[in-house]
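We did not get these values from a lab; they are worked out from the coordinates using the rules stated. This structure is a prediction, so every number in the text was calculated from the model and none was measured. When we count neighbours, we look across all protein chains shown, and the Cβ atoms used for this are built from the backbone with ideal geometry, even at glycine.
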Amino acid sequence: MFCNRCGAQLQPDFNLCPKCGNPLANKPPVALPASRTRLERHLRPIGILWIVVGALWLIPSAVLMFISHAPRLITMMGDEMFTHAFMPPMLFSLGSVFLLIAAGGILVGWGLINHERWARTTAIVLAVLALFHPPFFTALGIYTLWVLLPAASASEYERLSRI
């Protein structure tokens, strides 16, 4: 085996010519990893954040549902009839709403991490709704919209969801 540049004789295990330093072409070049797009870089963190948000909504949901089943613990109002008649169903209903919000956040996070087709649209809807809950949810909504809303992100997410 000889060097293409200077003609020096080479050993088979050489990567460079010892005389001129020319790299040898007998070994395949190492492929550089393809650079990840903005959507690929941010999709997993958004999914994790939505799961965390959903888990945080589970806390007030559980508290309200527990309190709704213990009306004797609630003595905020002087009228006991009002407290026993209206507060438990109202607290349970509010806890149920929080439970739905939590389930939505957890499902969207899971869907984004797993590249489900429905997750992008649902995440955009939840991101718009999150804009009205400052400051943390507003930031999460803006971040989600910044990543998922552009047309390039839509086509790239379609490509990822087919894989």
Problem set entry | Max mean-square fluctuation residue, GNM over the chain, Cα-Cα springs under 10 Å, options ALA70, ALA152, ALA102 | ALA70
Problem set entry | Approximate spin-label separation PHE132-SER93, in nm, with each point projected 7 Å along Cα-to-Cβ | 1.7 nm
For this session: Return one number: the angle in degrees, 0 to 90 and rounded to the nearest 10, between the long axis of the Cα atoms of helix 38-68 and the longest principal axis of the Cα atoms of the chain.
Result: 20 degrees
Exercise. Under a point spin-label approximation (7 Å from Cα along Cα-to-Cβ), what is the HIS69-LEU149 distance to one decimal in nm?
Worked result: 4.2 nm
Exercise. What GluC sites (Glu not before Pro) in segment 91-160 are in a loop by DSSP, with at most 13 other Cβ atoms within 10 Å of the Cβ?
Worked result: none
Problem set entry | Helical mean residue ellipticity (222 nm; -39500 (n - 2.57) per DSSP H run of 4+; nearest 500) of the chain | -22000 deg cm²/dmol
Seminar exercise, completed: With 0.36 nm assigned to each residue of separation and the Cα-Cα distance removed, ALA8 to ARG117 gains 33.4 nm
Seminar exercise, completed: Using alpha-carbon positions, the gyration tensor of segment 97-163 gives root eigenvalues a ≥ b ≥ c; with a/c under 1.5 called rounded, otherwise prolate if a/b exceeds b/c, else oblate, the class is oblate
